[in-house]
Amino acid sequence: MSSLQDTPRAERLHIGLFGKRNSGKSALLNALTNQEVAVVSSVAGTTTDPVYKSMELHGIGPCVFIDTAGFDDEGKLGNLRIEQTLRAVERTDIALMICTDSNIEQEIQWSNRLKDKKIPIIWILNKSDILENAEAEMIAIEQKTGQVPLLVSGRLKQGIESIRRNIQDKMPDENQQTSILGKLVKSGDVVMLVMPQDIQAPKGRLILPQVQTIRELLDRKCIVMSCTTDKLTETLQALANPPQLIITDSQVFKTVYEKKPEATKLTSFSVLFARYKGDIDYFIQGANTIEQLTESSKVLIAEACTHAPLKEDIGRVKIPRLLRTRIGSGLQIDIVSGTDFPQDLSGYDLIIHCGACMFNRKYVLNRVNSAKEQHIPMTNYGVTIAYLAGILDKITIYE
């Protein structure tokens, strides 16, 4: 039996816990989740890599807590841990800034980083059970931050409900579950999904964007039909009337476009997720810069998954081949996966991102904003393939 606990991590609100070493972040995480998720120790620096814990919170829904290493860590290993904490910031929708006294110069520096990313911050004064003058510390923190901190004890699980209420109050609008399909469909519409089951498809399962799209279509009372590319003609012939919409794998965009009924709208899973997770307008602008590329240009392809390279892999093989066929064999293409996204993008002329089904929206938008700030065009797999196939202006992107 499935439940909300089955919600993919990428679709959950990401709540980051930040603070110095031994500020009680791990104890607070255990109290919030009501589980012994993180190791608690009086030894500073117990948490090394960020700990991710998926949970359900009443009034909030599916979320992910991120327990980070102390940002006052030291030494070579400490610097590496701080780098991981910086990466956790990129995924954070709401930040819990945890301190144990009013000596918060470092906390304020990190809160400025969070503010730059437009991440709401909840200030927390932890270890209330051992503070000598909690009220004075709270007043001092308020004077420095402009926010009254929540007084809690992670060890005794006191004040935890106030944190939950504040998280609920600060949930960012952009994190609210938006629709993958927007106004593209309505109840009763016939929607055809073209899903070639190639080597990249997991054995016995569908890929996540297909599963999520099907679920939304069913929830919206659409009539859903699916087929592989080689059965497209037969499936269309089996229908009394043309489908209102066809959603295809981007790799067969051109094939499906050439066979679809004239009145049927066409889009792809990747294009849908470009709008759902990223900035579709910026992606379209980015695709339109492809014609400006030359053999001396440099392109970055970024994929969220960290799978081993596969034969005819879309990001590592198919898109590079399409680009070099159009631009020239000398086009330089770098490929990164997972969280390995460069901070300095200045050497690139274009970034092409995957559909990012494994990333939350905040993380994708941070990458988009990084590209914008450095004036680097950015697009995604589906938009790129549609452009190279000459049908970008013919597919359905907006409602």
Q | Size of electric dipole in the chain: Cβ of Lys, Arg +1 and of Asp, Glu -1, about Cα centre, debye, nearest 20 | A | 880 debye
Q.
Whole-Hz ³J(HN,Hα) for each residue in region 153-168, computed from phi via Karplus 6.51 cos²θ - 1.76 cosθ + 1.60 with θ = phi - 60°, x for glycine and proline: what do you get?
A. 9, x, 5, 9, 6, 9, x, 5, 5, 5, 5, 4, 5, 5, 4, 4
Q. For region 248-374, what is the charge dipole size about the Cα centre, in debye to the nearest 20, if Lys and Arg each add +1 at the Cβ and Asp and Glu each add -1 at the Cβ?
A. 380 debye
Q. For R324 and R205 in the same chain, what is the full-extension length gain: residue separation times 0.36 nm, less their Cα-Cα distance, in nm?
A. 39.6 nm
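So with the 1.4 Å probe, I'd like the accessible area per residue for region 59-138, rounded to whole Å². Each step should come with its number before you reach the end.
Details: 3450 Å² over 80 residues.
Accessible area per residue: 43 Å².
Can you give the Rg to Rh ratio of region 256-299, both from alpha-carbon atoms, with Rh computed by the Kirkwood formula?
For region 256-299, the value is 1.11.
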Q. Using Cα pairs under 8 angstrom and six or more residues apart, how large is the relative contact order of the chain, in percent?
A. 14 percent
Q | Cβ-placed point charges (K, R +1; D, E -1), dipole of region 246-297 about Cα centre in debye, nearest 20 | A | 300 debye
Q) Expressed as a rounded percentage, what relative contact order does region 114-253 have, with Cα pairs under 8 Å and six or more residues apart? A) 22 percent
Q: Taking only Cα atoms and a 10 Å spring cutoff, compute GNM fluctuations for the chain and point out the largest among G382, G355, G59.
A: G59
Q. Probe 1.4 Å, all protein chains in place: accessible area of T294 in Å², nearest 10?
A. 70 Å²
Q. What is the extension gain from R215 to K186, computed as 0.36 nm multiplied by their sequence separation minus the C-alpha to C-alpha distance, in nm to one decimal?
A. 9.0 nm
Q. Using θ = phi - 60° and the Karplus form 6.51 cos²θ - 1.76 cosθ + 1.60, what ³J(HN,Hα) does each residue of region 364-375 get, whole Hz, x for Gly and Pro?
A. 5, 5, 5, 5, 4, 5, 4, 5, 4, 4, 9, 6
Q | Loop-located GluC sites (Glu not before Pro) in region 242-334 whose Cβ has at most 13 other Cβ within 10 Å (DSSP) | A | E262, E295, E312
**Q.** Cα-based radius of gyration of region 268-372 once divided by 2.2 N^0.38 Å, which approximates compact folds
**A.** 1.02
Q.
Please list 3J(HN,Hα) in residue order for region 25-32, calculated via the Karplus relation 6.51 cos²θ - 1.76 cosθ + 1.60 where θ = phi - 60°; whole Hz, with x for glycine and proline.
A. 4, 5, 5, 5, 4, 4, 5, 5
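Figure the gain on full extension for K394 and Q343 (residue separation times 0.36 nm, minus the Cα-Cα span) and round it to one decimal in nm.
Numbers: separation 51, 0.36 × 51 = 18.36 nm, distance 3.45 nm.
Here the answer is 14.9 nm.
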Q. What spacing in nm lies between the two simple spin-label points modelled at Q84 and V317, each 7 Å away from Cα in the Cβ direction?
A. 3.4 nm
**Q.** Rounded to whole Å, sorted largest first: equivalent-ellipsoid semi-axes of region 90-152, Cα gyration tensor
**A.** 22, 11, 9
Q. Looking at the chain, what % of the alpha carbon pairs are farther apart than 39 Å?
A. 28 percent
**Q.** Spin-label pair A134/T289, simplified geometry with 7 Å Cα→Cβ offset, distance in nm
**A.** 5.2 nm
Q: List the lysines whose Cα lies under 19 Å from the Cα of K394, skipping any in the same chain that are fewer than 8 positions away.
A: K183, K254, K259, K260, K265
Q) Which far-off residues, 5 or more places away or on another chain, put their amide H under 5 Å from the one on N380, with H placed in the peptide plane? A) H353
Q) Alpha carbon centre of region 204-263 versus region 324-399: separation in Å? A) 25 Å
Q.
Give me P(r) over region 204-286, computed from all C-alpha to C-alpha distances, binned every 10 Å, as integer percentages.
A. 15, 47, 32, 5
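The values are calculated or read from the model by the stated rules, or taken from the named source; none is laboratory data. The structure presented is a predicted model; accordingly, all values stated were derived computationally and were not measured. So basically every Cβ, Gly included, is an ideal-geometry build from the backbone, and we count neighbours across all protein chains shown. SASA here: full protein model, heavy atoms, side chains in, ligands and nucleic acids out. Shrake-Rupley method; radii C 1.70, N 1.55, O 1.52, S 1.80 Å.
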